[in-house]
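Data block below; observations after.
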Amino acid sequence: MSKLNLKNYVAEKMLHEIYTPKKYEKNCEELPETCEDYKEIEKILKEYAREFKEEMNRRAVLIVLDSLSREKKRLIKLKYGEQKQLVSVSLKLNVSIAQLMVWNQNIIEKITECMMYRLTREDIYCKKKILGMLEMMTLTINFFSELSVEYKQVRQNWLEELRRKRTNYQNLLNRLEKFENLSKIF
């Protein structure tokens, strides 16, 4: 399976999970203080990091869903929430199956980009999406910085790249707000 197909698979899986009630809620705020076995600590850290990444993926899906048109939201709700076939969705929305497939693929790609902490060209004009992305990045940076200091489990170059992206997105948001303020004047 290619990397792109794997990313799309994860994005589609997260869409399904958005409409599936969570079976369990774990509280992983603190790791056990007395773990003598390094393997046990490593196992707990990996589980904790996996659950954190799943939560960030869930947030990415919600950020994208929040920015969709009403028709595209209905497509997602019918296809993933109610498990309807595209033929049925097509009849309900009065849209061709081919168009629904294009929309679905586009949404999957947007989710994939968001899960990778990247904004698309259309996203750079959407203040809500930028704010959501900044929140996701800040949570991720804080989580992995803390993990990195204590357990040295995080690649520092990845973390620095994420910090750089966050700074760029913050600058983008500042410019967008400046432009909005100028447009109000005129």
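What follows is calculated from the coordinates using simple rules that are stated; it is not laboratory data. Only a predicted model underlies this, so the values are computations on that prediction, with no experimental measurement involved. Methodologically, a virtual Cβ is constructed for each residue, glycine included, from the backbone with ideal geometry; neighbour enumeration extends over all protein chains shown.
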In region 90-130, GluC sites (Glu not before Pro) in a DSSP loop with at most 14 other beta-carbon atoms within 10 Å
GLU122
Provide, in order from the shortest bin, the percent of all Cα-Cα pairs of region 117-186 in each 10 Å bin, continuing until the bin that contains the maximum pair distance.
19, 43, 24, 11, 3, 0
For region 117-186, size of Cβ-based charge dipole, Lys and Arg +1, Asp and Glu -1, in debye
240 debye
Would you work out if region 48-186 is rounded, prolate or oblate? Take a ≥ b ≥ c from the square roots of the eigenvalues of the alpha-carbon gyration tensor; rounded if a/c is under 1.5, else prolate when a/b is larger than b/c, oblate otherwise.
oblate
In what sequence do CYS114, CYS126 fall when counting other Cβ within 10 Å, fewest first?
CYS126, CYS114
